[in-house]
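Report on the structure given below.
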Amino acid sequence: MKRLLSIELQKIWKNKASKVLTISYFVLLSFIALIASIEFNIGSFKLHIAEQGIFNFPYIWHFNTYIAAVLKFFLAIVIVSMMANEYSYGTLKQNLIDGMSKQEFIDRVASKGNISKSDAKRAVELVLGEIAGGIKNAKKDGKYTIGTLGTFVIGKRSARMGRNPRTGEAIKIRASKTLRFKAGSSLKKAAGIE
């Protein structure tokens with residue numbers, strides 16, 4: 001839930017128009033209470049808003065409701081803006097669904113390792129590069145093992161017949177390669193599997 005809220009806040013905060021409108025809404029709404037301090041003294045003409053009775057019961061309800069309703073226009077624009085940007089932030093939403101993003105992983109490594117984010121990024125890039133290189137240069141059996149962490153297995157899926165879900169027509173699906181990961185003893189132990 002915390003990550004979902006932070007993503008929604010990011011959507012508002014990274015969009016300049018949404019940021020300005022949201023701040024304006026809350027600033028203007030908070031100024032309703034300060035209206036009572038408005039006072040004009042121009043010669044014999046004197047106007048003090050608080051003395052006009054708008055803060056007396058039941059007028060206070062009517063006044064505040066009317067002003068808040070008018071200011072909802074700001075929030076309506078923010079919501080429309082957020083909906084327009086939904087496509088741009090699809091990657092953020094996908095990260096929420098899929099799990100930790102690469103940047104979050106780097107941040108966590110930096111935090112837990114007590115190192116700078118640039119050093120953590122370099123370390124993560126090196127590890128991922130080494131794994132990718134190992135898989136690319138895997139042995140003839142198509143396996144790349146990293147100690148007790150686990151084994152990456154490159155498999156082959158033979159060509160087969162399938163069915164087009166839209167038309168129901170039989171189609172030939174080409175042969176392809178697959179990549180699977182088989183957890184090693186240390187990961188199984190950490191997950192409580194062994």
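Looking only at the range 180-190, decide whether some residue is modelled with pLDDT of 85 or more, of a type in the set (S, T, N, Q), not assigned by TED's automatic domain parsing to the domain that holds V109 and not in a helix (DSSP H, G or I). Taking every residue of the range 180-190 in turn, none turns out to be modelled with pLDDT of 85 or more, of a type in the set (S, T, N, Q), not assigned by TED's automatic domain parsing to the domain that holds V109 and not in a helix (DSSP H, G or I). Right, I42: surrounded by fewer than 10 Cβ atoms within 10 Å (Cβ to Cβ), modelled with pLDDT of 75 or more and not acidic (D, E) or not? Against the criterion (surrounded by fewer than 10 Cβ atoms within 10 Å (Cβ to Cβ), modelled with pLDDT of 75 or more and not acidic (D, E)), I42 qualifies. A Cβ distance below 6 Å, combined with a sequence gap of six or more or placement on separate chains, defines the contacts here; from the range 1-30, residues that are more than 22 Å from A69 (Cβ to Cβ) reach residues that are of a type in the set (K, R) in the pairs W13/K19. When every residue of the range 106-120 is checked against the conditions, none turns out to be modelled with pLDDT of 85 or more, assigned to a strand (DSSP E or B) and surrounded by 10 or more Cβ atoms within 10 Å (Cβ to Cβ).
The set of residues from the range 126-157 being among the hydrophobic types (A, V, I, L, M, F, W, C) and in a loop (DSSP other than H, G, I, E, B) comprises A138, L149.
The values are calculated or read from the model by the stated rules, or taken from the named source; none is laboratory data. None of these values were measured; they are calculated from a predicted model. Virtual Cβ from ideal backbone geometry, glycine too; neighbours counted across all protein chains shown.
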